[in-house]
1. Here are A97, A82: which of them is free of Cβ contacts under 8 Å to residues at least 60 places away in the same chain, more than 20 Å from M301 (Cβ to Cβ) and not assigned by TED's automatic domain parsing to the domain that holds R195?
2. Do we find a residue being buried (at least 23 other Cβ atoms within 10 Å of the Cβ) and within 27 Å of K265 (Cβ to Cβ) anywhere in segment 208-216?
3. If Q322 passes every condition in (1) touching a residue at least 40 places away in the same chain (Cβ under 8 Å); (2) assigned by TED's automatic domain parsing to the domain that holds T149; (3) on the phi < 0 side of the Ramachandran plot but one, which one does it miss?
4. Would you confirm, using the coordinates I've provided, whether A255 is surrounded by 17 or more Cβ atoms within 10 Å (Cβ to Cβ), touching a Phe, Trp or Tyr at 6+ places or on another chain (Cβ under 6 Å) and closer than 24 Å to A187 by Cα?
5. From the set of residues in segment 149-180 that are in contact with a Cys (Cβ under 7 Å, 6 or more places away or on another chain) and surrounded by fewer than 24 Cβ atoms within 10 Å (Cβ to Cβ), which is farthest from K197 (Cα to Cα)?
6. So P223 clears everything in (1) closer than 22 Å to T94 by Cβ; (2) touching a strand residue (DSSP E or B) at 6+ places or on another chain (Cβ under 9 Å); (3) crowded, with 19+ Cβ neighbours inside 10 Å except one condition, right? Which one?
7. Inside segment 286-308, can you point out the residues that are without any contact (Cβ under 8 Å) to a residue 60 or more places away in the chain and either buried (at least 24 other Cβ atoms within 10 Å of the Cβ) or farther than 19 Å from G178 by Cβ (or both)?
8. Identify all residues within segment 55-71 that are farther than 15 Å from L114 by Cα and in contact with a strand residue (DSSP E or B) (Cβ under 9 Å, 6 or more places away or on another chain); write none if there are none.
Amino acid sequence: MRFNRVAPVLVAGAALAAGITACGSSNNDKPAAAPTATAKAASTQEQSAAQAGDIKIAFSAPAADHGWIKAVSDDAKAEAKALGIDMTVNDSATTTADQADQITTMIQSKPDALVVLPNEGGPLTPVAQKAMDAGIPVVNVDRAFTAPTAQRVLIAGDNLGIGTQAANYFADQLKCQGNVVDIQGLAGISVTTDRTKGFEDQLKKRCNGGIKIVATQPADFNPDKGLSVMENILQANKKIDAVYTQDDDMGQGVAAAIQNAGRDKEMWMTGAGGSKQVMDAIKKGNGTGLWRATFIYNPSMAADGVYLASLLAQGKGLPGFQEPDIPATIIMQAATVTKDNVDQYEHLGF
């Protein structure tokens, strides 16, 4: 259901800035409460759904070779079905070029709105701009384009907040002393950049060099690459206290490398994304296993992207908002999941 999700923080320029607070600057171990306006608007949203049947939406995402991306596509499709929307789906692209070709074909069919989870935000900016120039509003899910004019709405996770909350967790658990590793996602995309910046900046702020990042390397959100990257890092570093992995699926490969090397009692690790497998491992380990925490926002943001696209296609704003226009940016609040609160989040696992 829509209203059981991690609550969003909305940013829509000066008109809303005074009344809205951005998240991610502090450690947040509790589920966020849904905004009052959103809660009040439930019945209005159901009415909107009943009027959405004659609109056409296109949805594009990379091939579902990753648990979080599969959940994104599944949630988007389920939302379109719930709203009774005619939605064309292309989620088979294995490269950025393939996705660009698919979006170009979608534009030619003249949908009322386009929802895109970009494989890479930068290279896909020009094709998204073509859609906007053709009068097709674009809802970008999670990975920012390099030009704000290429999208009408960006709905993204608080990746800077994920990095910040991870750093706070590491600082607290290690008491600002030790060697850590940062296994990054896909190099060059906004998700990876923000998760890295939040982690590095907050560690410096909290620990003033007491925690040393002894290795940083991308593993492309891929478990197999996570395995090989971590194997090399283990060989090169005899003293590692903890590992920050920027993705739960990728982290499974990292965990396998640590366990295969017999070093799982020497260090612990965290993930990001909120996979059920990782949350189960956190719960089972009860604070003493290899997996200690994950930092999440939910893939259900894709369903929200479809819903926003339906409103844009109908020329409507968000129910319950005084502002007539949908905000330009919606940031889904990050949360820290540990043994202490995993029961509150495990139902979100994908």
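The values are calculated or read from the model by the stated rules, or taken from the named source; none is laboratory data. Note that the structure is a prediction, hence the values are computed from the model and not measured. Methodologically, a virtual Cβ is constructed for each residue, glycine included, from the backbone with ideal geometry; neighbour enumeration extends over all protein chains shown.
1. Numbers: A82 fails: more than 20 Å from M301 (Cβ to Cβ).
Selected residue: A97, the only one of A97, A82 that is free of Cβ contacts under 8 Å to residues at least 60 places away in the same chain, more than 20 Å from M301 (Cβ to Cβ) and not assigned by TED's automatic domain parsing to the domain that holds R195.
2. No; the residues of segment 208-216 include none that is buried (at least 23 other Cβ atoms within 10 Å of the Cβ) and within 27 Å of K265 (Cβ to Cβ).
3. For Q322, the exception is condition (1).
4. no
5. C176
6. All conditions are met except number (2).
7. N286, W291, T294
8. Step one: of segment 55-71, the residues farther than 15 Å from L114 by Cα are 63-71.
Hits for segment 55-71 are A63, A64, I69, K70.
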